[in-house]
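Please read the structure below before turning to the comments.
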Amino acid sequence: MEIEKKAAGSKKKRIGLFGGTYNPIHLGHLRGAEEIREAFHLDEVIFIPSAIPPHKLTEEIIDAKHRLEMVKLAIASNPFFSISEIELSRPGKSYSIDTLRHFCEGRTDTFFFILGRDAFVEIETWKDFQNLFTLCHFIVMARPGFQKTPVASQLPTSLTSAFQYDLETKVWVHVSGYHLHFKEISFLDISSTKARELIERGESVRYFIPPETEAYIHKHGLYRKRG
């Protein structure tokens with residue numbers, strides 16, 4: 001598989017795992033990944049399109065082959081970005097716990113699971129969510145101003161007993177030794193939902209999504225209103 005070839009080698013790497021529906025991928029995804037890569041000195045960020053995400057309405061999600069191709073086009077010009085088809089090749093719903101085990105168990109590289117703040121606040125609904133933090137570090141992308149949030153309210157109640165906050169580094173430390181970072185990134189008021197709505201209405205999505213992705217959408221007639 002493509003990602004396994006890229007990740008191979010003797011040097012221990014710092015690798016970000018960035019999962020998502022990418023329906024479609026947009027500039028907010030790309031800018032967020034780039035800022036996280038730079039801030040945490042990551043050697044690589046792996047985009048992982050989901051097949052059947054448990055928390056999404058599947059009837060609104062286009063075929064995985066299209067989402068995969070759009071991500072490939074969007075990241076092609078960035079040598080630090082790559083893609084994995086692990087969740088697309090696995091039958092059934094896409095659970096993050098299975099993906100993290102695939103990448104992290106038995107590997108010497110250092111992994112960071114990247115997700116947005118909106119996803120993190122729902123993490124208690126994820127499969128085996130308590131065990132996620134025993135597999136790798138977590139980076140939660142937050143909007144500017146998040147650091148003013150009271151520390152006590154940053155974690156779901158069910159996780160507080162498993163973490164301790166380090167006042168010096170401002171990082172949550174899990175009992176496993178892995179860290180949970182909240183990182184403020186540039187806020188781009190862009191979402192896949194908004195992009196789909198614009199396309200359905202026949203309006204421009206320029207500067208919302210990469211031009212290569214936009215061209216692919218138009219070529220295949222994706223997200224258009226069915227009449």
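Every number here is computed from the coordinates shown, using simple stated rules; none is lab data. Just so you know, these numbers come straight off a predicted model, no measurement behind them. Glycine also receives a Cβ, built like all others from the backbone with ideal geometry; neighbour counts cover every protein chain displayed.
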> Label 7 Å along Cα→Cβ of Asp98; region 126-146 residues with amide nitrogen under 20 Å?
Replying inline: 126-136
> Within a Cβ distance under 12 Å of His137, other residues only, what is the Lys/Arg minus Asp/Glu net charge?
Replying inline: +1
> Taking a label point 7 Å from the Cα of Glu35 along the Cα→Cβ vector, which residues of region 134-148 have an amide N closer than 16 Å to it?
Replying inline: 139-148
> Charges only on Cβ, +1 for Lys and Arg, -1 for Asp and Glu: so what's the dipole of region 13-189 about the Cα centre, in debye to the nearest 20?
Replying inline: 80
> Excluding Tyr216 itself, what net charge comes from residues whose Cβ is under 11 Å from its Cβ, given Lys and Arg +1 and Asp and Glu -1?
Replying inline: 0
>> Can you compute the helix-only [θ] at 222 nm over the chain? Use -39500 (n - 2.57) per DSSP H run of at least 4 residues, normalise by all residues, nearest 500 deg cm²/dmol.
In response: -8500 deg cm²/dmol
> What's the extension gain from Phe129 to Gln164 if we count 0.36 nm per residue and subtract their Cα-Cα distance?
Replying inline: 10.9 nm
>> Just to confirm the number: angle between the C-alpha axis of helix 27-39 and the first principal axis of the chain, 0 to 90 degrees, nearest 10?
In response: 30
> How large is ³J(HN,Hα) for each residue in region 131-138, as worked out from phi by the Karplus curve 6.51 cos²θ - 1.76 cosθ + 1.60 (θ = phi - 60°), to whole Hz, x for Gly and Pro?
Replying inline: 7, 4, 7, 8, 9, 6, 6, 10
> What percent does the relative contact order of the chain come to when contacts are Cα pairs within less than 8 Å and at least six residues apart?
Replying inline: 23
>> Please report the net charge: other residues with Cβ closer than 15 Å to the Cβ of Lys148, K and R +1, D and E -1.
In response: +3
> In nanometres, what is the gap between the two model label sites at Val171 and Glu85, each 7 Å from Cα along Cα-to-Cβ?
Replying inline: 3.5
>> What distance in nm lies between label points placed 7 Å from Cα along the C-beta direction at Glu105 and Ser186?
In response: 3.9
